[in-house]
Every structure is written in C-alpha cells, then in structure tokens.
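Nothing in this text is a laboratory measurement; each read-out follows from the coordinates by a stated rule. Since the structure is predicted, the reported quantities are computational estimates derived from the model, not experimental observations. Glycine also receives a Cβ, built like all others from the backbone with ideal geometry; neighbour counts cover every protein chain displayed.
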Amino acid sequence: MRSGILFGSRLTEIIFINNKKNLDATFMNKSLEERLEFVGEATELPPLPKNGVPSQWLPSWIRWPVRYLFLPFIWLDLFAQKIATLMIPPPFVKTGSCLKRGNCCHYILLHKQHRFLQAIHLFWSTQVNGFYLRSTESFFYEKKEVLVMGCRYLRKEGSCGKYHLRPLVCRQWPRINYFGKPQLLKGCGFKATPRDRLNILK
C-alpha cells in the first residue's frame, strides 16, 4: 500500500514537471509583446533563465552601502518629477492603488545603451540593483531596443524583498507619459484616467 502511494505521488510529480516544462517552452517561444500580455494576468512567476539566476560577484558589503548612499538621489529625482508634473500636468492621472501582485516585476524593460554606457548600465542593474538578464538577446518594444530583466528579490507571493531600497525604475511604475499611451499591465490596481474626464467628474 505504501509503495502504491509513493508510486502515485511520484507519477503525479512527473506529470506536473512535464506539464511545467511544456508550459515553460511554450511561454519562452512567445514574442515580448505576447509575454507582457500574458504576464499581466499571470498567477505564477515566469520561468527562470536556463542556467538559473546568476550570482552577483560584487560583494554585499559594497553593494548595500552603495544603494543606501544613492537613495537620497532617488528621492530627489522623484521630487523633481513631482514638481514638473505640477507645473506641466500630463494628459493622464494615475489613480487607484498597488495590489502587490508583483506582476510588474516579472519583466523589467531597460533601454539598451551604446557600448561603454551599456557596460556601466548593465553593471549597475545586475550587480547593484539586483536585476538579472532573462535573455541574452535584446528586443524591440515600442520602437526602442530594450533588455529584458527579472528581479532576484521578488518573492513568490508577489512582494519585494528589498522594497525600501527599490530602484528608480520600480518607483516610477506604472508610467504616465507626457506623450504616448500610459504603460500599465492588465489586472493592475492602478488606472490611467484622462485628466479631462477627471475634471468633469469633479
């Protein structure tokens, strides 16, 4: 009886793993736009890179003091952006609140830089901010070349393990641009409401 239970549980595990592999393979074959469409309503983390999340070679006793050192500059940048939006209001207003699903952290798109700047940008993103490349190839999204990254501090339930030290790119999401449509994921607790409509409702 015990061997039968063990065999049944093992068979279930094998079926689950095979299904997961098929799902991962199908998922990885999708285009970037299809992945972003899918991830908005995803209930699980996307598959990790083939070789797993790469380790950071920059010692923790260097990267954490650096992140604390640059934190005031992040606050200053956000404050300046706030002042700019008060002076020149964008066409949309961000309403709602974060549902803490973590879906916006599944795929982090960073604009690809040129040569030397790209090396610095990649170093800072991976060794200091804690991101990692989900793919070695770059993609084109909204006519711009981007690198697709994940975050090593994202927990399974959707929360951030280093929320108080999150980078600027995380604090700026969702993006309400002056030009173009707002950047939001499906199922996000935030909404982009046209400013004209908001004024009518008031």
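The table below gives the values:
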{"read-out": "Proximal aspartates and glutamates to LYS94, defined as alpha-carbon separation beneath 16 angstrom and excluding residues fewer than eight positions away on the same chain", "value": "ASP196"}
{"read-out": "Cα lying deepest toward the dipole's positive end in region 35-201, options VAL93, ASN51, TYR107, charges on Cβ", "value": "VAL93"}
{"read-out": "Residue pairs, from the table LYS50/LYS100; LYS82/LYS181; LYS82/LYS156; LYS112/LYS191; LYS100/LYS191; LYS100/LYS162, whose Cα atoms sit over 25 Å apart", "value": "LYS50/LYS100; LYS82/LYS156; LYS112/LYS191"}
{"read-out": "Sum of side-chain charges, ARG155 neighbourhood, beta-carbon under 14 Å (Lys, Arg +1; Asp, Glu -1)", "value": "+4"}
{"read-out": "Anchor LYS186: aspartates and glutamates whose Cα lies under 17 Å away (excluding residues fewer than 8 positions away in-chain)", "value": "GLU33, GLU34, GLU37, GLU41, GLU44"}
{"read-out": "Percentage, to the nearest whole number, of Cα pairs in region 43-202 over 23 Å apart", "value": "46"}
